[in-house]
Amino acid sequence: MNTRWDEVVIGGGHNGLVCAAYLARAGRKVLVLERRDVLGGAAVSEEVLPGFTFSVASYVVSLFRPRIIQELELTKYGYHVIPMDCAFQPLHDDYGIARWGDPELTRMEISRCSHHDAENYPKFKQTMTRLGRIAAQVIDRPAPTRFDPQDFRTVINLFRTVRGVEKHEFQQFIRLLTLSAVDFLDTWFESEIFKAPLAASGIIGTFQGVRSPGTAYVLLHHYMGEIDGAFRSWGFARGGTGSVSSACARAAEAHGAVIRTNCEVDRVLMSNNRATGVVLSNGDTINARRIISNLDPRRTLMGLVGEPHLPESVVASLARFKYRGSSGKVNLALDGLPDFTCRPGIGDHLRGDIAIAPNIDYLERAFDDAKHGSFSSRPFINIVIPSLTDPTVAPPGKHVMSCFVQYAPYELTEGPEAWESQRAAFGETVLDTIEEFAPGLRSHIEHMQILTPLDLERKFGLTEGNIFHGELSLNQLLFQRPAWGMARYQTPIRNLWMCGSGTHPGGGVMGASGELAAKTLLRKKI
Ligand SMILES: Cc1cc2nc3c(=O)[nH]c(=O)nc-3n(C[C@H](O)[C@H](O)[C@H](O)COP(=O)(O)OP(=O)(O)OC[C@H]3O[C@@H](n4cnc5c(N)ncnc54)[C@H](O)[C@@H]3O)c2cc1C
């Protein structure tokens, strides 16, 4: 029987699944089509080696919107995030700095490099938490559409509509939107060492350096998270990040959505400039009243629809939207734990987030390499060992270690394809860098998975390997994500919508794009 679907969602990333769940909950007949054999997109868990479950791409959770957890009852379907209690910065010839849940312990640690910074850190955290709460109000609703670019007051009014914003907070907010991460942190701290791991949050997924204007916003983006009511808490999803996606999938199915994997969409079916269905790679056709794409804007419009169907202005704005992937990932299966020279032994400092970011100049030099078309000879690496917190992801006595690496520019001097011949060298550079702080790591490796930005593009369909479906720079946010006139999830093609991270409010495992796209669509009388 040829089913007539209300909505077909292209892509079973977590946003596509959230979108499908909301639509199905509202009584719509929804079908999700996922290209891979596994759901979740970049929020995925895979058993790469028997007994070892890798969060292959996304590795920590915090941004996922609490409202979605509640409305879709995701805890009932396996959503469980275990908060991390420590952020550790190993240093050469020193004890390193760890920031803990305990403020007094943290103060003592920071005092080792600066009393001034140790005293200021609680105030900084408080301010960032407050600003994160304000930003969260902006990301929890659709982007504004009516905006006059000539009138700066319009931006001010936009944020004035957010509940509870004080004038001085608004000023800080604007600073965060415009300054570099380092310039912003300079107003708080003096130590080039202590500032480094904080500044590193500002470059995640961005082809910019810590001193590039605009990176302070990305820093704020990483402060918007919340777990169980605690702001700026990052944690591990039990069973790996894919369990967030599978909870969304199970919620969608519980409301009647149908999900098919191994189903690649080749193109959107068009009739009189309207989307009427999709054609799969195997040639099958599926009709639907509306099509919603979880793919990024370029793949959706240039790839699945095609330039001849698009207005010139849209083609031009899609060409302007920057992807420029800058990150890679190395996942390790280990038979033992890394031992950091500066803080030997197996301690709680290994249970949280470990940042190879010894000082600001190190991070800026890492960007210099990328600017000139190579991966960083000494990269910023964000390490987590989730098996210490969640024993379900590795066999007893063994561990999984996830290394998020920056910079790994998609565009090498010799072009992206050159990653094929540079993948192994990239992996070795990552291990060499970690071994400078934790010698002997190599002897524990049972398996190593190296993902270059080219691999991220091929495996997950992330254009140019950008982890957020497009950079989170101010010119690509709010009413400009992904372009003027498309910020409310509708495309210029009638009945074709978007719900992925390339739409407001952007990347990260938030579910917000999927939720807001579904709710916007449901509000329309169509
Ligand atoms: C290496 C890496 C590390 C990251 N770390 C973190 C982190 O720690 N915390 C965090 O919050 N965020 C992190 N992110 C970002 C976050 O994972 C992404 O922003 C988010 O998962 C994107 O979700 P999405 O649903 O919008 O899109 P995607 O996850 O990209 O989903 C799109 C889906 O569409 C499918 N698809 C593509 N083409 C087709 C087609 N033609 N037909 C059918 N299906 C198709 C894909 O297979 C995919 O499943 C990371 C990302 C990466 C890559």
>> If I ask for residues that are assigned to a helix (DSSP H, G or I) and either at pLDDT below 95 or touching a helix residue (DSSP H, G or I) at 6+ places or on another chain (Cβ under 8 Å) (or both), which ones from the range 236-251 would you list?
In response: Val244, Ser245, Ser246, Ala247, Cys248, Ala249, Arg250, Ala251
>> Of the residues Ala355, Ala394, Ala418, Ala370, only one is farther than 28 Å from Thr53 by Cα, among the small types (Gly, Ala, Ser) and touching a residue at least 60 places away in the same chain (Cβ under 8 Å); which?
In response: Ala370
>> Any residue at all in the range 436-446 that's on the phi > 0 side of the Ramachandran plot and of a type in the set (A, V, I, L, M)?
In response: no
> For the range 259-268, how many residues meet the condition of being surrounded by 18 or more Cβ atoms within 10 Å (Cβ to Cβ) and near the ligand (Cβ under 9 Å from one of its atoms)?
Replying inline: 2
> Are any residues in the range 374-394 in contact with a helix residue (DSSP H, G or I) (Cβ under 9 Å, 6 or more places away or on another chain) and of a type outside the set (Val, Ile, Thr), and if so, which ones?
Replying inline: Ser374, Phe375, Ser376, Ser377, Arg378, Pro379, Phe380, Asn382, Pro386, Ser387, Leu388, Ala394
>> Pull out all pairs, ordered by first then second residue, where Cβ-Cβ is under 8 Å, the residues are six or more apart or on different chains, the first lies in the range 125-144 and is of a type in the set (D, E, K, R), and the second is part of a helix (DSSP H, G or I).
In response: Arg130/Glu169; Asp140/Arg67; Asp140/Ala512; Arg141/Leu516
> Can you list the helices (runs of 4 or more DSSP H) found entirely within the range 166-235 that contain at least 3 residues being away from the ligand (no atom under 14 Å from the Cβ), modelled with pLDDT under 85 and farther than 26 Å from Cys403 by Cβ?
Replying inline: 167-178
> Is it true that some residue in the range 60-75 is over 19 Å from Gly500 (Cβ atoms), assigned to a strand (DSSP E or B) and either touching a helix residue (DSSP H, G or I) at 6+ places or on another chain (Cβ under 6 Å) or within 16 Å of the ligand (Cβ to nearest atom) (or both)?
Replying inline: no
> Of the residues Gly256, Gly209, Gly205, Gly239, which is surrounded by 21 or more Cβ atoms within 10 Å (Cβ to Cβ), touching a residue at least 60 places away in the same chain (Cβ under 8 Å) and in contact with a strand residue (DSSP E or B) (Cβ under 8 Å, 6 or more places away or on another chain)?
Replying inline: Gly205
> Are any of the residues in the range 21-36 within 13 Å of the ligand (Cβ to nearest atom), outside any strand (DSSP E or B) and under 19 Å from the mean Cα position of the chain (by Cα)?
Replying inline: no
> In the range 37-52, what residues are assigned to a strand (DSSP E or B) and near the ligand (Cβ under 10 Å from one of its atoms)?
Replying inline: Gly40
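The values are calculated or read from the model by the stated rules, or taken from the named source; none is laboratory data. Predicted model only: the values in this text are computed from it and were never measured. In this analysis, Cβ positions are derived from the backbone assuming ideal geometry, glycine residues included, and neighbour counts consider all displayed protein chains.
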